[in-house]
Amino acid sequence: MPLADPDRDLLLVDGDCPVCRTAASALTPHLQGRCEVRSFRTPGALAGLPVDAERCERALHLVEADGRVSEGLEAVCRALRRRWYGPLLRLYYLPGLRRALDAGYAWMALRRRGWGG
């Protein structure tokens, strides 16, 4: 199941994780229909895509229509870049801040199974 629409990006989340489902639900209205949200656990969801389940276990992934792949908070920032707050998201790319935010994301992603019932 490659990109359903070659003009839309694809955000891959863990559909079995309550935290991930909640985050995906919160993000979806802000994606302006330019990004499909899909659980990587759906059978065939990763077919034809440049990511595998092992990578998706560690972080959410954005597969852009042009083939670019990003993960974690960078994926969120790239998915939201078309909104009015896109310039604000550039703060993520500040070297020290990016490192700290990525470390926080990694810490949370490793522990997400115990949260959200």
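Rule-based calculations on the coordinates, nothing more; no lab input. Only a predicted model underlies this, so the values are computations on that prediction, with no experimental measurement involved. When we count neighbours, we look across all protein chains shown, and the Cβ atoms used for this are built from the backbone with ideal geometry, even at glycine.
Roughly what percent of Cα-Cα pairs across region 1-101 reach past 22 Å? Looking at region 1-101, the distances longer than 22 Å represent 26 percent of pairs. Among rounded, prolate and oblate, which fits region 1-56 when a ≥ b ≥ c are the square roots of the eigenvalues of its C-alpha gyration tensor, a/c under 1.5 means rounded, and a/b larger than b/c means prolate? Judged from the Cα gyration tensor, region 1-56 comes out oblate (a/c at least 1.5, b/c at or above a/b).
Over the residues of the chain, the helix contribution to mean residue ellipticity at 222 nm works out to -11000 deg cm²/dmol, using -39500 (n - 2.57) for each DSSP H run of at least 4. Once you order the gyration tensor axes a ≥ b ≥ c over the Cα atoms, which shape class does region 43-117 get: rounded for a/c under 1.5, otherwise prolate or oblate by comparing a/b with b/c? Taking the square roots of the gyration eigenvalues as a ≥ b ≥ c, region 43-117 is oblate.
With the simple spin-label model, which puts each label point 7 Å out from Cα in the Cβ direction, the residue 94 to residue 41 separation comes to 3.7 nm. Among 105, 92, a tally of other beta-carbon atoms within 10 Å of each Cβ gives an order, fewest to most, of 92, 105. Within region 9-114, antiparallel bridges make up roughly 55 percent of the DSSP beta bridges whose residues both belong there.
Candidate membrane-span-like segments in the chain, meaning DSSP H helices with Cα atoms spread over at least 15 Å of their own axis and a Kyte-Doolittle mean of -1.0 or above, are 95-111, with no membrane implied.
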